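Novice: Could you have a look at this structure, given as structure tokens, before my questions?
Throughout, read-outs are computed from the coordinates displayed, never taken from laboratory work. Note that this is a predicted model, so its numbers are computed, not measured. All Cβ positions, glycine included, derive from the backbone under ideal geometry; neighbour counts span all protein chains shown.
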Amino acid sequence: MSSPFKDLVLPTMQKKSKESKKKERPGPDDIIWARELIKVYSTGSLEVTALRGVDVTIKKGEIVAIVGPSGCGKTTLLNIFGALDRPTAGRVYVDGKDIRNLTDKELSEFRRKKIGFIFQNFNLINTLTARENIELPMSINGLKSSIIKERTDDLLKAIGLQDRQDHRPDQLSGGEQQRVAFAVALGNDPEIILADEPTGELDSDTGKDIMNIFRELSKQMGKTEVIVTHDARVADMADRSLKILDGNIVSED
Ligand SMILES: Nc1ncnc2c1ncn2[C@@H]1O[C@H](COP(=O)(O)OP(=O)(O)O)[C@@H](O)[C@H]1O
Ligand SMILES: [Mg+2]
């Protein structure tokens, strides 16, 4: 029997049926697009379900924060977007590509060219200077040394660390290291920056200052940024926040 209230439900509030989701495709501006993502980790006999059918659409040029308590699945989701991990089920398109169908070799090329990662612990190489850390992914990517030098100069200028370029990470403050990590992520001019708690080890004011720099540069360069964060002030700076609880997106604002 059909409900007398059916016509009162706004179209945006109607849940899409499983069938219509299967036929859905990302639009031209949907740089990250996922439907019904499920991730189950199996360790020995124990299974942990980290994602329980997540739908996400992120538009090119957006800055999106992902928030939620520890263990809710934020890193798992980010790692799937960045092709560091594969979903157990569901569909995921990044920059128009169905990344489930790529071979491991194609995935690593995809990551190198399309994605810039920023990790909580910075992942800088301690024996290299700031300049050398920024240069490394570009030289792995096979860019010409004159171009690498020029880009590194520009990036050091953009993060305001030209005068510290010959310092190693342990000679820089946490905030300075984070700025270098951001420049490292931008080296190969990726479409997408994925940051996992990028301000997690910084005091709140430094974290906020750095997020302002990230935001400014991302917008200028037209990058899409997805930032996992615990810090409400960081989330406030995003265009949009997605809240995750126990493997599901529960709200958006
Ligand atoms: N490699 C793994 N093997 C087994 N379980 C994992 C693994 N990675 C994450 N998990 C589990 O999946 C859930 C979600 O983890 P995660 O995505 O890291 O959460 P968050 O980043 O929100 O803290 C947690 O219960 C965590 O213990
Ligand atoms: Mg995490």
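Novice: Which order do L172, L84 fall in if you start with the one that has the fewest other Cβ atoms within 10 Å? All intermediate terms of the calculation are to be shown ahead of the outcome.
Specialist: Details: L172 19, L84 15.
So the ranking, lowest neighbour count to highest, is L84, L172.
Novice: Mean-square fluctuation check for the chain, GNM, Cα pairs under 10 Å: which of R164, R215, R112 is largest?
Specialist: Looking only at R164, R215, R112, the largest GNM fluctuation is found for R164.
Novice: Further question on the same structure: Using just the helices of the chain, give the 222 nm mean residue ellipticity in deg cm²/dmol: DSSP H runs with n ≥ 4 each add -39,500 (n - 2.57), and the total is spread over all residues, rounded to 500. All intermediate terms of the calculation are to be shown ahead of the outcome.
Specialist: Details: 8 runs with 87 residues, N = 253.
Only helices count here, giving -10500 deg cm²/dmol.
Novice: Please list, in chain and number order, the residues 5+ apart from I193 or on another chain whose amide H is under 5 Å from its amide H, with Hs placed from the backbone.
Specialist: Distant-sequence amide H within range of I193: G116, T224, E225, V226.
Novice: Using alpha-carbon positions, what is the distance between the centroids of region 201-216 and region 41-104, in Å?
Specialist: 25
Novice: Further question on the same structure: Treating only the Cα positions of the chain as identical point scatterers, give the base-10 log of I(q)/I(0) from the Debye formula at each q in 0.14 Å⁻¹.
Specialist: With no solvent term, the Cα-only Debye profile gives -0.97.
Novice: Taking 0.36 nm per residue of separation and subtracting the Cα-Cα distance, what length does fully extending S173 through T49 add?
Specialist: Extra length available between S173 and T49 comes to 40.9 nm.
Novice: Next up: Cα gyration tensor of region 183-235, axes a ≥ b ≥ c as square roots of the eigenvalues: rounded (a/c below 1.5), prolate (a/b > b/c) or oblate?
Specialist: Note, shape of region 183-235 comes out prolate.
Novice: Just need the relative contact order of region 50-113 here, percent rounded to a whole number, with Cα pairs under 8 Å and 6+ apart. Working shown, then result.
Specialist: Details: 30 pairs, mean separation 14.8, N = 64.
Computed over region 50-113, the figure is 23 percent.
Novice: Among T206, T76, T224, which one shows the biggest mean-square fluctuation in a GNM of the chain, springs joining Cα atoms closer than 10 Å?
Specialist: Of the options given, T206 has the highest mean-square fluctuation.
Novice: Using alpha carbons only, how many degrees (0 to 90, rounded to 10) separate the axis of helix 104-114 from the longest principal axis of the chain?
Specialist: 70
Novice: For the chain, what is the percent of antiparallel DSSP beta bridges, rounded to the nearest 5?
Specialist: Looking only at bridges with both residues in the chain, the antiparallel portion is about 55 percent.
Novice: Can you list the aspartates and glutamates whose alpha carbon sits under 14 Å from that of K59, skipping same-chain ones fewer than 8 residues off?
Specialist: Reachable aspartates and glutamates: D29, D30, D95, E191, E225, D239.
Novice: At 7 Å along Cα-to-Cβ for each site, give me the label-to-label distance between I140 and R240 in nm.
Specialist: With each label point 7 Å from Cα toward Cβ, the separation is 3.1 nm.
Novice: Moving on. Cα gyration tensor of region 43-181, axes a ≥ b ≥ c as square roots of the eigenvalues: rounded (a/c below 1.5), prolate (a/b > b/c) or oblate? Numbers along the way, then the final one.
Specialist: Values: a/c = 2.16, a/b = 1.69, b/c = 1.28.
The shape class here is prolate.
Novice: Residues of region 42-60 with amide nitrogen under 20 Å from the 7 Å Cα-to-Cβ point of K18?
Specialist: 49-56
Novice: Rank the residues S70, S241 as a footprinting-exposure proxy: fewest other Cβ atoms within 10 Å of their Cβ go first.
Specialist: Lowest to highest Cβ neighbour count: S70, S241.
Novice: With a/c under 1.5 counting as rounded, go ahead and sort region 121-228 into rounded, prolate or oblate using the C-alpha gyration tensor (a ≥ b ≥ c being the square roots of the eigenvalues; past the cut-off, prolate if a/b is larger than b/c, else oblate).
Specialist: The shape class here is oblate.
Novice: Neighbour counts of other C-beta atoms within 10 Å: give me T127, T88 arranged from fewest to most.
Specialist: By the 10 Å Cβ count, ascending: T127, T88.
Novice: Do you know the relative contact order of region 145-253, to the nearest whole percent, from alpha carbon pairs under 8 angstrom that are 6+ apart?
Specialist: Taking the mean separation of contacting Cα pairs over the length of region 145-253, I get 22 percent.
Novice: Can you give the relative contact order of the chain as a percent, counting alpha carbon pairs under 8 Å and 6+ residues apart?
Specialist: Value for the chain: 26 percent.
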